[in-house]
Amino acid sequence: WCRPAAELHAIMARIPAKTGYTPKRWTKSVDSMLPKKPGEWRPFKLRLTGLLMPDFNHNNKILGRAAMLIAEKKRMIAPEQYGSRKKLSAEKHALNKRLLLDVMRIEKRPGVVCANDAKACYDRILHFAAYISMRKVVIKKEAVKSMLEPVRRLEHTVRTAYGDSETTYGGME
């Protein structure tokens, strides 16, 4: 009984990426403040997390991995891009950054370093840039739409110790 259920689930999961259709429930987010460290409940030590539908997250993960794999094969990723790449680590990135800053200081060169970690920040990514990037690596427009459209229309509720809010914010139609 498990195999037919898994096959049905796999078929249903592919529908949004194939057609561009996205279920309305994918446009719901529950915002919750979680401690960065266990037991640390002071407000400035909490992290805002948007809880999205698991199948929406799963499809985005599949599409993101496919895009990265294709971009890696085609050598379309900048060498200084370390996020989500095999054999590259935060430590290596930090060392390269430190060495670059040392060279700039020693040679008295002006320079600017801009770091942007958008990991899991779907609603903070520039959608047009994401769309163009994914299309460039040959991800079909329907698949990209199934990833970006729900985020554009996200309707947020806030989760507290007293339950979820009845009022919402966001949510463009």
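Relative contact order of the chain, taken over Cα pairs closer than 8 Å and 6 or more residues apart, is 34 percent. Cross-linked pairs 92/145; 36/73; 37/97; 18/86; 92/136; 37/92: Cα-Cα separations exceed 30 Å for 92/145; 36/73. With everything on Cα atoms, drop me the angle between helix 54-73 and the longest principal axis of the chain, reported from 0 to 90° to the nearest 10. Approximately 40 degrees, to the nearest 10. For mean projected area of the Cα convex hull in nm², the candidate list reads [x] 15.1; [y] 17.5; [z] 10.7; the entry that matches the value derived from this model is [x]. Does anyone have the angle between helix 141-152 and the longest principal axis of the chain? Alpha-carbon axes, 0 to 90°, nearest 10? Long axis of 141-152 versus the principal axis of the chain: about 90 degrees. When the helices of the chain are scored as -39500 (n - 2.57) per DSSP H run of n ≥ 4 and the total is divided over every residue, the value at 222 nm lands at -14500 deg cm²/dmol. Placing +1 on each Lys and Arg Cβ and -1 on each Asp and Glu Cβ, with no other charges, gives the chain a dipole about its Cα centre of roughly 780 debye. With a Förster radius of 22 Å applied to the C-beta separation of residue 53 and residue 80, the computed FRET efficiency comes to 0.05.
Since every read-out is calculated from the coordinates, none of them should be taken as a lab result. If you're wondering where the values come from, they're calculated on a predicted model, not measured in any experiment. Backbone-built Cβ (ideal geometry, glycine too); neighbour counts: all protein chains shown.
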